[in-house]
Amino acid sequence: MEKLDFDTISVREGSLKLKVPDPSKYNLDSKMPVFYNPVMVKNRDVSVLLLKSLNFRNRALDLLAASGVRGLRIANETSAEKVVLNDVNLQAVELMIENAHLNKVGNIEIIKRSARELLAEKEKYDYIDIDPFGTPIGFLDFISKLRLGGVIGVTATDTSALCGTYPKACLRKYNSLSLRNEFMYETGLRILTNKVRQAGLKMGRTLRPIYAHSSNHYMRVYLKDSKKSKLDDIGHIYYCPKCLDRFSSKQKLEKKCCGKRMEVAGKLWLGSLFDRALAKKMFSAISESGSYAINSTKELVKQIYLESEVKEPWFFDIHKIAKIYRVKIPKFDLILEALRERKFKAFRTHYSKTGIKTDADILDIVDIIENLKA
């Protein structure tokens, strides 16, 4: 094993003690000798928890492994038969080997390949993790390496394109229109989901989303290979920025509201982003486990389980409603309680601290807020 030629520090994550590049010496960017982002621990927590909840016992690939922390955690914290950790960076491979020895992780294979070289090999996997620096678009061919019934996890960090800051970039990369509005993070996640599904369809594979979240500066979706196809869950969201009304349609329409043409996002995935049974299992598992020290991960998993009951492909921002309709904001819990009393589903959402997921429409919500303040 070669001696590392960059400065490291020791950190703990999940069940592991790891050596990672010293953050006081290197910027958190693509020029880092080996990329390690401590903010992404929630991302890795969720991937490990999801595989544990699926009773994963097969072969996994961490395609762009870098420090190896995700692949090593999957190997050490799940019942995976074998985990392949790959990176084209020699320093990353050396760091992975050292971290594997440090933690005595045995059910792994560490390789140095370019993504294209690995794609040409015959081996297939039951779980593939794609976590690039930026957009995952260039790596979606790896869906072909997924065994039937397998799961793929995909991260996108180009949120400025997916959330409407750079709509032309979104159209170019994802073949979809994005919108910059109060529920843009969910819209972006649904655009990403549709892109991964479309890549699968080109290879004759039907991928169904089973879990997803938008956290910090990235979006993350998990899809499972499925024999059942639901192509009719693809469409557009129409939105009026003046009154905040919105609706979805599987057909491309020209609609007006408040005297102007409605804004449109899509094509995107309109169906559920979650397998509710899986979301419940993950929530139960993390509630009973003491191994996830980061409270934000527990809160994320709990919130997703609750809001996964609502199928509408958006959420409402209470502060935006208060501004547009010039009403004072009651306590959130009172709004949720009032919506439920009217037989609507209503929960807070992980997308926004000021948002609620509900099957009520904008006029119902405004009416409730006004009555609560009456």
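Things worth noting here:
- J(HN,Hα) series, the range 333-345, from Karplus relation 6.51 cos²θ - 1.76 cosθ + 1.60, nearest Hz, glycine and proline x: 4, 5, 5, 4, 4, 5, 4, 5, 5, 8, 6, 8, 7
- Interatomic Cα distance distribution for the range 143-262, bins of 5 angstrom, percent: 2, 11, 19, 21, 20, 14, 8, 3, 2, 0, 0
- Length gained on full extension, residue 116 to residue 172, computed as 0.36 nm times the residue gap minus the Cα-Cα distance: 17.9 nm.
- By the count of neighbouring beta-carbon atoms within 10 Å, fewest first, 237, 321, 329 end up ordered 329, 321, 237.
- Prolate/oblate/rounded label for the range 151-191 (Cα gyration tensor, a/c 1.5): oblate
- Share of pairwise Cα separations in the range 276-373, more than 16 Å, in percent: 58
- Taking amide H as placed 1.01 Å from N in the peptide plane, residue 147 has its amide H under 5 Å from the amide H of 125, 126, each at least 5 places away in sequence or on another chain.
- Kirkwood radius, the range 230-327, all distinct C-alpha pairs, inverse of mean reciprocal distance: 16.1 Å.
- Only DSSP H runs of four or more residues enter the estimate; each adds -39500 (n - 2.57), and after division by the residues of the chain the mean residue ellipticity at 222 nm equals -10500 deg cm²/dmol.
- Nearby lysines by direct alpha-carbon distance to residue 255 (threshold 17 angstrom, same-chain neighbours under 8 apart not counted): 242, 267
- Longest site-free stretch - the chain; sites: GluC sites (Glu not before Pro), DSSP loop, at most 11 other Cβ within 10 Å: 124-253
- Given +1 at the Cβ of Lys and Arg, -1 at the Cβ of Asp and Glu and no other charges, the dipole of the chain around its Cα centre is 1060 debye to the nearest 20.
- Annotation for the range 110-218: trypsin sites (Lys or Arg not before Pro) lying in DSSP loop with at most 10 further Cβ atoms inside 10 Å of their Cβ are 122.
- Whole-Å distance, taken between Cα centres, linking the range 311-374 and the range 95-163: 40
- Antiparallel content of DSSP bridges confined to the chain, in %, to 5: 70
- Exposure rule at most 15 other beta-carbon atoms within 10 Å, DSSP loop chymotrypsin sites (Phe, Trp or Tyr not before Pro): the chain longest free segment: 134-374
- The Cα-based radius of gyration of the chain, divided by its Kirkwood radius, gives an Rg/Rh of 0.99.
- Burial ordering of 319, 236, 101, fewest other beta-carbon atoms within 10 Å first: 101, 319, 236
- Sparse packing (at most 14 other Cβ atoms within 10 Å of the Cβ) combined with a DSSP loop state is found for the following trypsin sites (Lys or Arg not before Pro) in the range 1-33: 3, 25, 31.
- Hydrodynamic radius by Kirkwood, which averages 1/r over all alpha carbon pairs of the range 38-99, in angstrom: 11.8
- Ranked list, fewest to most other Cβ atoms within 10 Å of each Cβ, for 196, 48: 48, 196
Values quoted throughout were computed directly from the atomic coordinates according to the rules given, and no laboratory measurement underlies them. Here the structure is a predicted model, which means the values were calculated and not measured. Positions of Cβ are backbone-derived with ideal geometry, glycine not excepted, and every protein chain shown enters the neighbour counts.
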